[in-house]
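The values are calculated or read from the model by the stated rules, or taken from the named source; none is laboratory data. Note that the structure is a prediction, hence the values are computed from the model and not measured. Glycine also receives a Cβ, built like all others from the backbone with ideal geometry; neighbour counts cover every protein chain displayed.
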Amino acid sequence: MRSGNYRTQHALTAAVIAMAVIAPLVIADAYIHRLMATVVLAAVLAVSMNLVLGYGGLLALGHAGFYGIGAYTAALLSLHLGAPFLVTALAAAAAAALVAWLVARPILHLRGHYFAMAMLAIGEIVVQVAYNWDSVTRGASGLPGISQPDLIVWTAVTHRDNYYLALVLLLVAMLAVRRFVASPLGLGLIAARDDDQGAASVGIGVAQTRTLALALAAGIAGVAGALYAHYITFVSVEPFQLEQTIALLAMVAVGGMGTTWGPVVGAALLTLLPEVLRDFAELRMVIYGALLMLVVWLRPQGLLGRGPSRWGLKLPGRTRPEPSAASDAPALASVVAAPAGSPALDGVATEVATATDVAPARAAPTVLTVPEPAPTGESLLRVEHLTKDFAGLRAVSDVSLEVAPGEIVGLIGPNGAGKSTIINLISGAHRPTSGRIWFNGQDITNSETSRVARAGLVRTFQHIRLFRSLTVRQNVEAAYQVRLGLSLLSVMTRSRRYREAMEEMRVAVDEALALFGLEGVQHQLAGTLSYGDQRRVEIVRALVTQPRLLLLDEPAAGMNEAESAELAQFLREIRQRHSLSIILVEHHLDVVMEVCDRLIVLDHGTVIASGRPDEVVRHPEVLRAYLGGSA
């Protein structure tokens, strides 16, 4: 079934490309050629926007600024140095990508609308620099006299020539985005979009991955700007203002965010529609707006987005997701307001799971082995005098604890005792007010969550945080890929190193899924599983990172008695097979008593008892904390 769908998709893709190549040869109208070139150039920009918006969940309202940086870079090199198009295009891509990389680092900690406003400001800065730096950009007068696109052996002179050049750029841009999204780096990007805290908890560098995606998208937009400058032979600031970004946003949303061809369809529709409505004079924009609203109403996920339409309208071939691929493309509102839970891959991420045509790979390490233990006699984790205040409220007060290699420690206490806060502090989700945290001999106080996870201290959450637009297998792959250390160059070239890494990941993930009985559901979306299976997936996802210490925050929450017993057995198996250290926060005392070597009891943010489980549960302070009064 899957191979048949792939053959159909490839045949349709080949047919569309063939039509795009043949159409200008059949149609001899220069006006049509110019319109086609405009559509394709807009599609290039929409494809780049889709990478950060559709797959990354980032509302980059300054995206047109990168388009402008590319255009001005190409124009200045052409006018002052006489550089040919190939040189100016590469320089434009580098300049736009560099600016994106520089501005991304300080603003990527912002979320939702705050990030959007920061990007809007960056785009406006580009516009104001272009307007006011008269000695370089000539301000509102613009830069005329730019050479036509020169490819050394051929110069694009006619509209048809420039259309073909833009078409090549579009295909290259689509291939680059597809390869990125279908790679482990793309899984990391989508995981961060679905749940950035969950992604960081397994070691995914959220800021680094998003920076890479933003730089790649900006580079593509920069090349598009270079082609625009050489095609028009004139550059002024008007095409690079906020209106252009809004148009790109509409193209991606109407076509389908997080899809391969959606931005192209959206660009074609929104570029051609005003031309079709030219004869309607004053009513043109009213009709245009009404049609857009109708499309958004009928297909809120976009024309090519997966999922049901209103009133039961469906597109052929979109009734069910491909196995091992994400399902619905994210609706615009969910991307802007809350990236968690918005689907994506449009089938391309299946390349991660099916990349079996590889060179002989190095032997994959056993997936759930544990790194070398700490020296004998040393604690794996040491917490010293940890305190955390929230707006004057003390949640944790002077807590000290230690965990030895291979030890399972239960952290218990009544609601509000500070258990989850301590887990958040140890894992890097919160910064302590005072105190120090040492892990494996290193001070990790105030370290980022992803850095803590890569050091071997990995956590799960009280409320399950799976990447819900990804399948079970892709959830595990997203965590495992952190260990591969792939570069953008290897991803784009599909180098031998990349192919070997794909084979390593395939073998390791197969082993992990089989080991914990998840191979039968590996192609289901993670959010569709039962609660117990979702919890199992979250733990397996953590285990494939090869942690030294696993923090489990109420893993039995919401489970029935049978599921709790199964979880206890699951934790015993983990300990027996892999000698992990575990800190278990849990209210189910039967689970705690069965699996823990030692208990630490908290009440009102302080430690009131510590020792063997059978001793601790009879401690007077523990009984008083749980039962009240003088029990």
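Here are the numbers:
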{"item": "Positions within the range 413-425 being among the aliphatic types (A, V, I, L, M) and either modelled with pLDDT under 90 or over 16 Å from GLU586 (Cβ atoms) (or both), in sequence order", "result": "ALA417, LEU425"}
{"item": "Within the range 234-257, tally of residues that are in contact with a strand residue (DSSP E or B) (Cβ under 8 Å, 6 or more places away or on another chain) and under 11 Å from MET49 (Cβ atoms)", "result": "0"}
{"item": "Lone qualifier among VAL601, VAL591, VAL622 - being of a type outside the set (Ser, Thr, Tyr) and not in a helix (DSSP H, G or I)", "result": "VAL601"}
{"item": "Test: residue in the range 460-478 that is β-branched (Val, Ile, Thr) and within 14 Å of LEU185 (Cα to Cα)", "result": "yes"}
{"item": "Cross-chain or 6+ apart pairs with Cβ under 6 Å, the range 153-171 first and in the same structural domain as VAL44 (by the TED database), then of a type in the set (Phe, Trp, Tyr) and part of a helix (DSSP H, G or I)", "result": "ASN162/TYR231"}
{"item": "All positions within the range 587-629 that are over 26 Å from HIS385 (Cβ atoms) and in contact with a Leu (Cβ under 9 Å, 6 or more places away or on another chain)", "result": "HIS588, VAL591, MET593, GLU594, VAL595, VAL617"}
{"item": "Residue within the range 83-90 that is among the small types (Gly, Ala, Ser), without any contact (Cβ under 8 Å) to a residue 12 or more places away in the chain and in the same structural domain as ALA229 (by the TED database) present", "result": "yes"}
{"item": "Residue check, THR137 modelled with pLDDT under 95 and surrounded by 18 or more Cβ atoms within 10 Å (Cβ to Cβ)", "result": "yes"}
{"item": "Every residue from the range 250-265 that is surrounded by 24 or more Cβ atoms within 10 Å (Cβ to Cβ) and of a type outside the set (Ser, Thr, Tyr)", "result": "MET251, VAL252, ALA253, VAL254, GLY255, GLY256, MET257, GLY258, GLY262, PRO263, VAL264"}
{"item": "Filter pass, VAL458 being among the hydrophobic types (A, V, I, L, M, F, W, C), outside any helix (DSSP H, G or I) and touching a residue at least 12 places away in the same chain (Cβ under 8 Å)", "result": "yes"}
{"item": "Qualifying residue in the range 467-489 (condition: free of Cβ contacts under 8 Å to residues at least 40 places away in the same chain and either in a helix (DSSP H, G or I) or among the charged types (D, E, K, R) (or both))", "result": "yes"}
{"item": "Scan of the range 258-299 for residues that are under 15 Å from VAL40 (Cβ atoms) and either in the same structural domain as LEU169 (by the TED database) or assigned to a helix (DSSP H, G or I) (or both), ordered by number", "result": "PRO263, VAL264, VAL265, GLY266, ALA267, ALA268, LEU269, LEU270, THR271, LEU272, GLU275"}
{"item": "Within the range 97-135, tally of residues that are among the charged types (D, E, K, R) and either touching a Leu at 6+ places or on another chain (Cβ under 6 Å) or closer than 20 Å to GLY219 by Cβ (or both)", "result": "1"}
{"item": "Only listed residue being over 31 Å from the mean Cα position of the chain (by Cα) and within 25 Å of VAL616 (Cβ to Cβ), chosen from GLY406, GLY441", "result": "GLY406"}
{"item": "Residue match in the range 150-158 (condition: under 24 Å from PRO106 (Cα atoms) and among the charged types (D, E, K, R))", "result": "no"}
{"item": "Of the criteria (1) over 25 Å from ASP590 (Cβ atoms); (2) out of contact with any helix residue (DSSP H, G or I) (no Cβ under 6 Å at 6 or more places or on another chain), which one GLU561 fails", "result": "(1)"}
{"item": "The lone exception for ILE539 - which of (1) buried (at least 18 other Cβ atoms within 10 Å of the Cβ); (2) outside any helix (DSSP H, G or I); (3) not aromatic (Phe, Trp, Tyr) it fails", "result": "(2)"}
{"item": "Residues of the range 276-298 that turn out to be crowded, with 16+ Cβ neighbours inside 10 Å and either at pLDDT 80 or above or β-branched (Val, Ile, Thr) (or both), as a count", "result": "2"}
{"item": "Number of positions in the range 6-24 that are farther than 20 Å from LEU272 by Cβ, loosely packed, with under 13 Cβ neighbours inside 10 Å and of a type outside the set (Gly, Ala, Ser)", "result": "4"}
{"item": "Positions within the range 511-534 being in a helix (DSSP H, G or I) and within 14 Å of THR471 (Cα to Cα), in sequence order", "result": "LEU513, GLU519, GLY520, VAL521, ALA526, GLY527, THR528, ASP533, GLN534"}
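Quick grid of which residues meet (1) farther than 19 Å from GLY203 by Cβ; (2) buried (at least 21 other Cβ atoms within 10 Å of the Cβ); (3) modelled with pLDDT of 90 or more; (4) in the same structural domain as ARG179 (by the TED database):
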| site | (1), (2), (3), (4) |
| --- | --- |
| ARG494 | yes, no, yes, no |
| ARG497 | yes, no, yes, no |
| GLU500 | yes, no, yes, no |
| GLU503 | yes, no, yes, no |
| ASP510 | yes, no, yes, no |
| PHE516 | yes, no, no, no |
| VAL521 | yes, no, yes, no |
| GLN524 | yes, no, yes, no |
| ARG535 | yes, yes, no, no |
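Residue-wise test of (1) under 23 Å from ALA121 (Cβ atoms); (2) crowded, with 21+ Cβ neighbours inside 10 Å; (3) without any contact (Cβ under 8 Å) to a residue 12 or more places away in the chain.
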| site | (1), (2), (3) |
| --- | --- |
| ASP194 | no, yes, no |
| GLY203 | no, yes, no |
| ALA207 | yes, no, no |
| LEU216 | yes, yes, no |
| TYR231 | no, yes, no |
| GLU238 | yes, no, yes |
